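Read through the structure below, which is laid out as structure tokens, and then see the notes.
The values are calculated or read from the model by the stated rules, or taken from the named source; none is laboratory data. Just so you know, these numbers come straight off a predicted model, no measurement behind them. Ideal geometry is used to build each Cβ from the backbone, glycine not excepted, and the neighbour counts take in all protein chains shown.
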Amino acid sequence: MTAPVRVQAGTTNAPTLMTIDGLRSGYGKAQVLDGVSFSIGHEAVCVVGRNGMGKSTLCNTIMGLVSPSAGSIRFDGTEIAGMAPEQVARRGIAYVPQGRRLFPSLTVDEHLRMLARKTRGKRWTPDAVYELFPRLAERRRHGGAELSGGEQQMLAVARALLLNGRLVVMDEPSEGLAPTIVDTLIDAVHHLVAEGVGVLVVEQNLRAATEIADRQLVMVSGRIETETTSQELANDPELQRRYLGVDT
């Protein structure tokens, strides 16, 4: 399979897939999300911001790992706020968590074959994943602990693809990766968008964020402070410094 062509990965004209409105959540008495609102269609959208702004909490709340205290998450017309993680996954949302969360003793192939029974006749199967990530095919007999950081991230993305969801949520997918591996992940996101899948990416890597998606949602103190474009963010050092802490 040829490498996917990079496409314009975000557009405000995309049909709505998920709408979040006034979302509040946190941990115990500590509120983290403070009225988050935005929509995403069959496109790529990045949520960017400094550490501690609530980006990972947003992912965890969407996926049912954290219960919201207020607000709405409507996915394909159905309210999913407060659903258990397995219910969210069955609705069609796949998750690539920060830290990858692989099984060290299982091989690449064993990770994928665990989900293979539900992929027959669907777009993403283990064989399709190996075409997208040839490096995983080369390393299919290696255990999770034997993989490099980039290979582990490819496997985490591959595992999410096997759920064949309509929306993929990724939390810091480029963290700690070499530029060539980041490019592979960017291409994978563009490949998904070209096939009509929505991709919501939490990202701190400025280059990765601006190449993944045109729509950039800037999170500050648990809220979406502003929405901008990849071009505006990449070309505005003051915006980078103020919202991302980038020292230019």
In the stretch 97-143, what residues are touching a Pro at 6+ places or on another chain (Cβ under 6 Å) and closer than 30 Å to residue 55 by Cβ?
-> 112
Residues in the stretch 230-248 that are in contact (Cβ under 8 Å) with a residue 60 or more places away in the chain and within 18 Å of residue 44 (Cβ to Cβ): how many?
-> 2
Within the stretch 103-127, the residues that are out of contact with any strand residue (DSSP E or B) (no Cβ under 9 Å at 6 or more places or on another chain) and crowded, with 18+ Cβ neighbours inside 10 Å are 111, 112, 115, 119, 124, 125, 126
Do you know which of the residues in the stretch 64-102 that are surrounded by 17 or more Cβ atoms within 10 Å (Cβ to Cβ) and at positive phi is modelled with the lowest pLDDT?
-> 100
Could you list, in sequence order, all residues of the stretch 203-215 that are of a type outside the set (A, V, I, L, M, F, W, C) and closer than 14 Å to residue 50 by Cβ?
-> 203, 204, 205
Selection over the stretch 128-141 where residues are surrounded by 19 or more Cβ atoms within 10 Å (Cβ to Cβ) and acidic (Asp, Glu) yields a count of 0
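Just to check your reading of the model, which residue among 176, 165 is in contact with a strand residue (DSSP E or B) (Cβ under 6 Å, 6 or more places away or on another chain), in contact (Cβ under 8 Å) with a residue 12 or more places away in the chain and small (Gly, Ala, Ser)?
Values: 176 fails: in contact with a strand residue (DSSP E or B) (Cβ under 6 Å, 6 or more places away or on another chain).
Criteria check complete, one pass: 165.
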Odd one out for residue 133, checked against (1) within 22 Å of residue 22 (Cα to Cα); (2) under 21 Å from the mean Cα position of the chain (by Cα) = (1)
Between a first residue in the stretch 128-157 that is free of Cβ contacts under 8 Å to residues at least 40 places away in the same chain and a second residue that is outside any helix (DSSP H, G or I) and β-branched (Val, Ile, Thr), which pairs have beta carbons less than 7 Å apart while being 6 or more apart in sequence or on different chains?
-> 140/107; 141/107; 142/107; 143/107
Test residue 39 against the stated conditions and say whether it is part of a strand (DSSP E or B), among the hydroxyl-bearing types (Ser, Thr, Tyr) and without any contact (Cβ under 8 Å) to a residue 40 or more places away in the chain.
-> yes
Which pairs do you get when a residue that is touching a residue at least 12 places away in the same chain (Cβ under 8 Å), found in the stretch 61-78, comes within reach of a residue that is assigned to a loop (DSSP other than H, G, I, E, B) and of a type in the set (D, E, K, R), reach meaning Cβ atoms under 9 angstrom, with the pair 6+ apart or on two chains?
-> 75/166; 76/166
